[in-house]
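The values are calculated or read from the model by the stated rules, or taken from the named source; none is laboratory data. Please read these numbers as outputs of a predicted model, since none were measured by experiment. Here the Cβ is made from the backbone with ideal geometry for all residues, glycine too, and neighbour counts use every protein chain on show. For accessibility, only protein heavy atoms count, side chains too; no ligands or nucleic acids. Shrake-Rupley method; radii C 1.70, N 1.55, O 1.52, S 1.80 Å.
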Amino acid sequence: MSFIQRSIIAPLRSVTFAPLMFILVASFFITATSNFSFIEHFAQEYEINNNFGFLSALMVIIFALNILITSIIYLLLPLKWSVAVMMILSAICGYFSDKFGIVIDVEMIRNSLQTNMAEASDLLTLNLLFRLTLLAIVPIVILSLMPIKATLGSAKWLVKLKSVAASLGISLLLIIMCIAIYSAQFTSFIREHKELRYYINPIQAIYSGGKYMASQFKNTGPQDYVILTDNALLPPDSKSKKLVIMVVGETARADHLSLNGYVRETNPLLSQQANVVTYSQISSCGTSTAISVPCMFSLLAKDDFDIDSASYTQNTLDIIAKAGVSVLWRDNNSDSKGVAIRQLFEDFRTADKNAECENECRDTRMLGDLQNFINRQPKDIFIVLHQMGSHGPSYYKRYPKEFEKFTPACQTAELSSCSDQEIINAYDNTIVYTDYFLTKIIELLQANTDDFQTSMLYVSDHGESMGENGIYLHGLPYAFAPDSQTHVPIILWSDDGSNIDLTQTRELATQANSHDALAKTLISLFDIQTDVKFNSAPNLVKFKQAQ
C-alpha cells in the first residue's frame, strides 16, 4: 500500500457519513470560505467589536441558507454532485467578490452570458484556477472519498427525504433563533444596509440566477414588435444631407479625459479640434454594456426602461431608419445587445471583416471601407461604431504598443499582480487610443463636408472602478455603484456648416444630464418630424435659428 493510500485515502474511507452530516460539513466549509467580502463590507458599516454577536448571527443564517439550498439540490442530484455544484459556484463567486469587489446580480449574469469568448478569457486567470483548485476541486476530491451511509431499494428515497426534511428543519430553526435574538439589529440591517446582501455567496448568485431564468421563461416564444410611432419623416425641404457617426464607447469614465480636466493628457488630438464639445456631467443608464447600450437607444427613461422587452420594442435606430435615413451598425464589441437587430449590422470581431485581429481586433479597422458605404448612400446616413474601447481587465490589449504613453503599464489580466498606478497607466493608454480613433472619425467626416452636414457623437456606455475602495471593473448594482462606474463622457463634434449652434451647446454641456437624453438628441440631429413621446431629459444640443 502506497503512502497516499495508507495515510490519506484509507482514513477518509474509514469514516462513514450520514447524508445530513455530509450536507452540514459541506455547508460550513462553503460559508467559511466564500464570504470574506461580505465580512469586509460588514466591517465598513458596523464596528465589529460592538457587533461581533450580530455578525456571528448573520454568518449562522448564511450557513443555514447554504444547508437549505444544498438540500434542495440534493432532491434533484446525487448528494456528492449537489455538494460539488455548491463548492464550485461558491469558489467562483468568492473569487470575483474578493478580487474585484464584483457582485453577482441579475444584470451581472445577463452581462456575462452576453460576453464573447475573447472577453471572458481575460477573466480566466491563474489566480482563479488556484482558488478553484484549493476551495473546490481538492475538497470535492476529499469528500468524494468519504463513503455515504448506504441504503437500498425504496428505502433510498425515504432516507433522502428524511435527510432533506432534517436539513430544512435545522436551517429554519437556526434562522428563527438568530432573528429572535437580534431582532432590533435585523430590522435596521434590512432597511439601511440592503447592499450588503449582494455579497452573500453563493446565495446571491443562486437567487439572481433563478430570477434571470424566470425572466427568460416569461419571454419565450416570438414576441410581437411594439411600435411606438408610425410617424417619422425627414423634412421635405431639406437643402443638405446629414452624416452622423455615433461611437458607442466601452468603459470610459469621464474623470479620465483631459478634456474634462484630468491632469494627464489623455486627449492630445481632440484638444486641438476647434469644434469639440465635451459633456462633463453625464450619468449612464447602467453599469454594464448589456443594460446601458439598449437603454441609451430606448425612448424610455432609465427608471422606466425594461430590458426584457427592449429587443422587440421600437428604438431610436428604428425610428431614424423609418424616416428614410440609411443606418449601419459596425461592432468591435460583443454585439449590439439587440439594438440593431432590424438594421444593417457588421461584425468586426472576425478576421474576414477586420484585417487587424491578430492579438486584438482594433477599433480603427471599423473605419476601413466606410467611405465606400457613404458614397453609395443617396440620402442621410447614420453610422454607429461600437468599440472595444477600455474594456478590462486586460487594458493593455486594447491599444497598439505605440500608444503606451503612460508607463509602467499593467501587462496582465491579473490586476492583483499590478500596482494601482500600473493599472491606471494601462487604462489611461486606452483613452489615448480612443482619442486617436475619434480623431480619425473627425478626419473622415471632414472629407465629406462638401456633400453632407457632418457630426460625431461619442457616448461611453458606463465607467470603470480601478481599485477605489477595493473595487475593480464594473457592473455593481446601480443603487450603490460608485460614481466611477456611472459618470461617463459624451463628446460632440460638428463641422462649420452644421446647423448645430456650438456656442449654446457648450452652455448645455456644463449641465447635468444622462443617457436619457440620447433618443431625443439623435432624432433631432436629422430634423426628423415625429409624434413619438420622449422622456423628460433635455436635448444635448442647440440648433441655429433658421435664416
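Annotations for the structure displayed:
- Of the set (1) open to solvent by 10 Å² or more (accessible area, probe 1.4 Å); (2) of a type in the set (A, V, I, L, M, F, W, C); (3) touching a residue at least 24 places away in the same chain (Cβ under 8 Å), all apply to residue 355 but (3).
- Close contacts from region 103-117, counting a first residue that is among the acidic types (Asp, Glu) and a second that is open to solvent by less than 30 Å² (accessible area, probe 1.4 Å), with Cβ to Cβ under 6 Å and a gap of 6+ residues or different chains, come to 105/208; 105/477; 107/288; 107/291.
- Taking (1) touching a strand residue (DSSP E or B) at 6+ places or on another chain (Cβ under 9 Å); (2) aromatic (Phe, Trp, Tyr); (3) open to solvent by less than 10 Å² (accessible area, probe 1.4 Å) in turn, residue 345 satisfies each apart from (3).
- Beta carbons closer than 6 Å, at least 6 apart along the sequence or on distinct chains, pair a first residue in region 504-522 that is closer than 10 Å to residue 277 by Cα with a second that is open to solvent by less than 20 Å² (accessible area, probe 1.4 Å) and assigned to a loop (DSSP other than H, G, I, E, B) for 505/541.
- Unmet criterion (only one of (1) out of contact with any His (no Cβ under 8 Å at 6 or more places or on another chain); (2) surrounded by fewer than 23 Cβ atoms within 10 Å (Cβ to Cβ); (3) not aliphatic (A, V, I, L, M)) for residue 329: (1)
- Some residue of region 238-246 being at pLDDT 95 or above, assigned to a loop (DSSP other than H, G, I, E, B) and either among the aromatic types (Phe, Trp, Tyr) or surrounded by 18 or more Cβ atoms within 10 Å (Cβ to Cβ) (or both): no
- Single unsatisfied condition, residue 291 versus (1) surrounded by fewer than 24 Cβ atoms within 10 Å (Cβ to Cβ); (2) of a type in the set (A, V, I, L, M, F, W, C); (3) touching a Lys or Arg at 6+ places or on another chain (Cβ under 9 Å): (1)
- Within region 459-477, if we keep just the residues that are part of a loop (DSSP other than H, G, I, E, B) and within 16 Å of residue 195 (Cα to Cα), the residue that is farthest from the chain's Cα centre (by Cα) turns out to be 471.
- Matching residues in region 445-482 - criterion: being under 28 Å from residue 409 (Cβ atoms), without any contact (Cβ under 8 Å) to a residue 60 or more places away in the chain and either among the polar types (S, T, N, Q) or open to solvent by 20 Å² or more (accessible area, probe 1.4 Å) (or both): 468, 482
- Where residue 137 falls short, out of the listed (1) modelled with pLDDT under 85; (2) open to solvent by 30 Å² or more (accessible area, probe 1.4 Å): (1)
- Taken over region 215-237, residues that are out of contact with any Gly (no Cβ under 9 Å at 6 or more places or on another chain) and not in a loop (DSSP other than H, G, I, E, B) amount to 5.
- Filtered by the rule that a residue be in a helix (DSSP H, G or I), of a type in the set (Gly, Ala, Ser) and in contact with a Ser or Thr (Cβ under 8 Å, 6 or more places away or on another chain), region 97-118 gives a lone residue, 97.
- Scanning region 407-424 for residues being open to solvent by 20 Å² or more (accessible area, probe 1.4 Å), part of a helix (DSSP H, G or I) and farther than 15 Å from residue 265 by Cβ gives a total of 5.
- Residue 296 fulfils the conditions (1) more than 26 Å from residue 111 (Cβ to Cβ); (2) at pLDDT 95 or above; (3) not aromatic (Phe, Trp, Tyr) except for a single criterion, (1).
- Residue check for residue 269: within 18 Å of residue 427 (Cα to Cα) and surrounded by fewer than 24 Cβ atoms within 10 Å (Cβ to Cβ): yes
- Exclusive hit being surrounded by fewer than 16 Cβ atoms within 10 Å (Cβ to Cβ) and within 20 Å of residue 232 (Cβ to Cβ), set 533, 520: 533
- Candidates are the residues of region 190-215 that are among the hydrophobic types (A, V, I, L, M, F, W, C) and in contact (Cβ under 8 Å) with a residue 12 or more places away in the chain; the one that is most open to solvent (accessible area, probe 1.4 Å) is 206.
- Just so you know, in region 247-258 the residues that are buried (at least 23 other Cβ atoms within 10 Å of the Cβ) and charged (D, E, K, R) include one that is farthest from residue 443 (Cα to Cα), and it is 253.
Quick grid of which residues meet (1) within 27 Å of residue 288 (Cβ to Cβ); (2) assigned to a helix (DSSP H, G or I); (3) open to solvent by less than 50 Å² (accessible area, probe 1.4 Å):
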site: 39; (1), (2), (3): yes, yes, no
site: 44; (1), (2), (3): yes, yes, no
site: 83; (1), (2), (3): no, yes, yes
site: 94; (1), (2), (3): yes, yes, yes
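- Scanning region 425-439 for residues that are within 20 Å of residue 127 (Cβ to Cβ) and either touching a strand residue (DSSP E or B) at 6+ places or on another chain (Cβ under 9 Å) or in a loop (DSSP other than H, G, I, E, B) (or both) yields a count of 1.
- Selected residue (criterion: farthest from residue 459 (Cα to Cα)) from residues of region 363-389 that are in a loop (DSSP other than H, G, I, E, B) and open to solvent by 10 Å² or more (accessible area, probe 1.4 Å): 378
- Selection from region 304-321 of residues that are over 16 Å from residue 520 (Cβ atoms), part of a helix (DSSP H, G or I) and not hydroxyl-bearing (Ser, Thr, Tyr): 307, 308, 310, 321
- Only one of the listed residues (290, 323) is among the small types (Gly, Ala, Ser), under 28 Å from residue 351 (Cβ atoms) and out of contact with any Cys (no Cβ under 7 Å at 6 or more places or on another chain). That residue is 290.
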